Amino acid sequence: MVERLGEEKVGVTAGIVTEEVTATVTAPTPPTETKLANGNWALSGVPPLIFNGDREKSKHFLDKFMSYEIVNGDAHQFTIPYLKVALCLSYLNGPKVDAWARQQHLWLKNCHKQDGIPMTDKSLWEDFKLLFRTAYTDQDAKLTAYQKLNKLCMQGSDIDSYIADFNRLIDEAGYNKFDMGVMIKFKEGLQPSLLREILLHMVPAPSTLTTWRQKARERQMVYKELKMSSFVSIDPDMRRDYSSNMKRVFMWYLANITPMSCHGFGPNSKSWLSLDLS
């Protein structure tokens, strides 16, 4: 009886070892691309979790959907805005969101069939995204973003940080970047000198937020290059003594001005070019 128990124990142990080895050696089958009946390729990657109407998770849901789009950027489900909206709606499910999703399905169909909007019109996705954010954005977070946006101004010459913060806040506040008010707010937050440079060197003035961001970066880069080149071109010794020399020039100028002469240089006054600054 002892031998029989020993044989059974060995058999069980061997079976466990065999299963572990098999699980370790056998590689998982790589996913294969499958072509659907309608001619579209099946999507790859990890789709977003089902959105059940929880406002605190609405932004996370859209972020995950955008990541899913990046993985499948060339699929018809994402290159055609009509299909993109329909796909996004398929991930909405639950008592808090079912009625709203049903309304959006009707809206999408009417846009195409009744209003004649092409399936490829990008406004379909932009409008849907705005509707979704309006309905399910966390209002507290939206209010905070709105307040920060109103106070946002460009700090010093850091145009990149200003643009990054502006883009993030209009997204969190649920604004459409194509709105005229958003473009005006961007202009108001620029440094006055930079705003003036853009208006002076671009006629007519930029008419979209994208163009404003581009021109703001370009003019700020020109300013930095001019500032650096003018400073570097000065001899190091002159640059080091620049402040003290200018003070001496000013004091000499006051002491040698002929009051009645034009620009301070009369027949009896010395030329400032003859001043010895050594």
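The values are calculated or read from the model by the stated rules, or taken from the named source; none is laboratory data. What you see is a predicted model, and the numbers here were worked out from it, not measured in a lab. Here Cβ is always computed from backbone atoms with ideal geometry, including for glycine, and neighbour counts include all displayed protein chains.
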Considering residues that are among the polar types (S, T, N, Q), surrounded by 10 or more Cβ atoms within 10 Å (Cβ to Cβ) and not in a loop (DSSP other than H, G, I, E, B), the number found within the range 203-232 is 4
Just checking, does the range 242-253 include any residue being among the hydroxyl-bearing types (Ser, Thr, Tyr), touching a Phe, Trp or Tyr at 6+ places or on another chain (Cβ under 8 Å), surrounded by 11 or more Cβ atoms within 10 Å (Cβ to Cβ) and modelled with pLDDT under 90? yes
All conditions in (1) closer than 23 Å to residue 173 by Cα; (2) assigned by TED's automatic domain parsing to the domain that holds residue 211; (3) not polar (S, T, N, Q) are true of residue 156 except (1)
task = Inspect the range 163-174 for any residue being of a type in the set (Lys, Arg), part of a helix (DSSP H, G or I) and exposed (fewer than 13 other Cβ atoms within 10 Å of the Cβ) and give the result as yes or no.
result = no
In the set 149, 131, the lone residue that is under 25 Å from residue 215 (Cα atoms) and surrounded by 14 or more Cβ atoms within 10 Å (Cβ to Cβ) is 149
- Query: Just wondering, is there one or more residues in the range 53-67 that are within 21 Å of residue 174 (Cβ to Cβ) and in a loop (DSSP other than H, G, I, E, B)?
  - Reply: yes
Condition set touching a Lys or Arg at 6+ places or on another chain (Cβ under 9 Å) and not in a helix (DSSP H, G or I), scope the range 146-160, selection nearest to residue 185 (Cα to Cα): answer is 152
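To keep it simple, each residue is scored yes or no on (1) over 19 Å from residue 63 (Cβ atoms); (2) basic (Lys, Arg).
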position	(1), (2)
142	no, yes
145	no, no
151	yes, yes
155	yes, no
172	no, no
176	no, no
181	yes, no
185	yes, yes
Quick count over the range 111-145, residues being part of a helix (DSSP H, G or I) and more than 12 Å from residue 82 (Cβ to Cβ), is 16
